[in-house]
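One structure is given here, and the rest of the page talks about it.
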Amino acid sequence: MSLDFEPSHFKTLISQSADIVNEWYGSHLREKPIYNNYNPSEIQAFFDEPLPENATEAEELLETIRTNIFETSNFNPSPNYYGYITGGGNQAAILAEILRNALNQNNLKWHSAPANSEIEKIVIKWISKFIGYPEDAAGVLVSGGSVANFLNLAVMRKIKCPVDMANEGMYSAPIMTVYVSEQGHSSIDKGMDMLGLGKKYLRKIPVDQHFKINLDSLEKAIIEDRENGFLPSCIVGIAGTTNTGSVDPLRELGELAQKHNLWYIIDGAYGLPGAGTQLVRDQFDGLEMADSILLNPHKWFFVPFEVACVIVKKKEHLRDTFSMVPDYLRGGKDQSDREDLMDYNLQLTKDFKALKVWMTFKAYGAEKLRLAIENDCQLATYAKELVEESDDFELLAPVPLSIVCFRYVGNGGYSIEQLDQINDQLLELIENDGRIFFAGTKIDNHTSLRINLTNHRRTASDIDFLFKVLRELGQKAESELKA
Ligand SMILES: Cc1ncc(COP(=O)(O)O)c(C=O)c1O
């Protein structure tokens, strides 16, 4: 029994869906609240119903999607959205998303998705070229930075573990230690956990006042671990920390990795696209020394969710780690120039992520993307200067890329505990208000406002608007403290 619509009906529904998309981008950008502050039970009430046994008209469903999903969702394409290092998406890639869903390719083997397989290789090359990583490196697209960190650690474990870990497990292996700064992303801890490497063997190295890894402490930790019978195996350098955007000294880390024979990963999930720009590329000097890297196009290449990439210098390292071909995957012509992406990834069935990345590079060109990234950095500097010039805000960290950490200090004279209270309250007020959106973090254990500028639609007047709202809500939080 076919589930298809009659062709002209399908065409009408596509057109109605397109209207929803257009309306979302047309009317919302700056005019409407971007967060509606529903509570879970209100959202549940829209959807909580018994398993639908009978069909509902598609027109009715599209209307439900428009009112109950689009209108209740965070409007993260907006320049007033500063949360969670979100790239804001781009419209050319949305077209790619719509079309690739219609294609419904299963990108496991070359013959099941020919264009998909080749385009994925090409966009990995383009990304490498853009940031200055060797172009003969190879990689795969995955869902996000957390999965990419997991895959990179899996490759490292495979290559550096002295026992045949794939067959024997980790049981007879020496304890492998991995080094990252205390600003490393939590997905690295998760990867250590899931891969059986153990979270406690992820050595968290202190950072300096710029939130960069302290090299002396790192080398000392490696030497001590070796003396104590551990197997120091890997350094993870961070190219754009999640908290402040700091970039570790990548060349020095590469040299230390070589000196001590360690695998070298660079987690550039957020920051690595900056390496392709005139403005901030110096900070990424030495990135080509990494054995493997990761980068999220869904962050600073402005591609809609989800897409990240893992890139390794030697392709065979991915293949050695992930390739496994059972009988039911052997079909098709045996042609050596066909590469099956399943051989380079944990995933077997995979969607066509490459099309939206390809579309982004082709529709805008690398130069425009560079300018958009630089614009974010310049606006971050502008926000930093507004903070520094003001009496009622205070900067909490340097601004090397496009993240700004600061707090509201109001009229001054508050204790550090009171400042935490005011800023915690301010973060709640931001949600209640809905005109702007971001979440906070902790800097040196104290509440920080943290804005992420990774959206090509933003201008200086958006930053002015942000501070106008923050000032208004900050004063409210201050008066609530006094009350
Ligand atoms: C440095 C870094 N690594 C990894 C990740 C995880 O990426 P994802 O959210 O795509 O899983 C992030 C997310 O912000 C990040 O900033």
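The values are calculated or read from the model by the stated rules, or taken from the named source; none is laboratory data. Remember, predicted model here, so these are calculated numbers, not experimental data. Counting neighbours? That spans all protein chains shown, and the Cβs are built from the backbone with ideal geometry, glycine included.
Residue check: Thr12 meets all listed conditions (1) touching a His at 6+ places or on another chain (Cβ under 8 Å); (2) hydroxyl-bearing (Ser, Thr, Tyr); (3) part of a helix (DSSP H, G or I) but one, namely (1). Strands (runs of 3 or more DSSP E) fully within segment 374-483 that include at least 3 residues being more than 23 Å from the chain's Cα centre (by Cα) and either among the aliphatic types (A, V, I, L, M) or at pLDDT 95 or above (or both): 393-395.
Of the residues in segment 177-194, at least one is surrounded by 20 or more Cβ atoms within 10 Å (Cβ to Cβ) and over 22 Å from Thr242 (Cα atoms).
If we keep just the residues of segment 135-148 that are out of contact with any helix residue (DSSP H, G or I) (no Cβ under 6 Å at 6 or more places or on another chain) and assigned to a loop (DSSP other than H, G, I, E, B), which is nearest to the ligand (Cβ to nearest atom)? So, considering only residues that are out of contact with any helix residue (DSSP H, G or I) (no Cβ under 6 Å at 6 or more places or on another chain) and assigned to a loop (DSSP other than H, G, I, E, B), the one nearest to the ligand (Cβ to nearest atom) is Gly144.
Okay, residues lined up against (1) assigned to a helix (DSSP H, G or I); (2) modelled with pLDDT of 95 or more; (3) within 24 Å of Leu13 (Cα to Cα); (4) over 18 Å from the mean Cα position of the chain (by Cα):
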residue: Ala55; (1), (2), (3), (4): no, yes, yes, yes
residue: Glu63; (1), (2), (3), (4): yes, yes, yes, yes
residue: Phe70; (1), (2), (3), (4): yes, no, yes, yes
residue: Phe75; (1), (2), (3), (4): no, no, yes, no
residue: Gly83; (1), (2), (3), (4): no, no, no, no
residue: Thr86; (1), (2), (3), (4): no, no, no, no
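Per-residue answers, yes or no, for (1) without any contact (Cβ under 8 Å) to a residue 12 or more places away in the chain; (2) among the hydrophobic types (A, V, I, L, M, F, W, C):
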site	(1), (2)
Lys350	no, no
Ala363	no, yes
Glu367	yes, no
Ala372	no, yes
Lys384	no, no
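Being surrounded by fewer than 14 Cβ atoms within 10 Å (Cβ to Cβ), farther than 27 Å from Gly240 by Cα and not hydrophobic (A, V, I, L, M, F, W, C) is the requirement here; does Asn411 meet it? Against the criterion (surrounded by fewer than 14 Cβ atoms within 10 Å (Cβ to Cβ), farther than 27 Å from Gly240 by Cα and not hydrophobic (A, V, I, L, M, F, W, C)), Asn411 qualifies. Has segment 55-73 got any residue that is under 30 Å from Gly440 (Cα atoms) and aromatic (Phe, Trp, Tyr)? Yes: one or more hits. Contact annotation: residue pairs with Cβ atoms under 8 Å, 6 or more positions apart or on different chains, pairing a residue in segment 290-309 that is assigned by TED's automatic domain parsing to the domain that holds Leu141 with a partner that is near the ligand (Cβ under 10 Å from one of its atoms) and of a type in the set (Asp, Glu), are Ile293/Asp267; Leu294/Asp267; His298/Glu306.
For (1) modelled with pLDDT under 95; (2) among the aliphatic types (A, V, I, L, M), each residue gets a yes or a no:
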| position | (1), (2) |
| --- | --- |
| Val140 | no, yes |
| Glu168 | yes, no |
| Tyr171 | yes, no |
| Ile175 | no, yes |
| Gln183 | no, no |
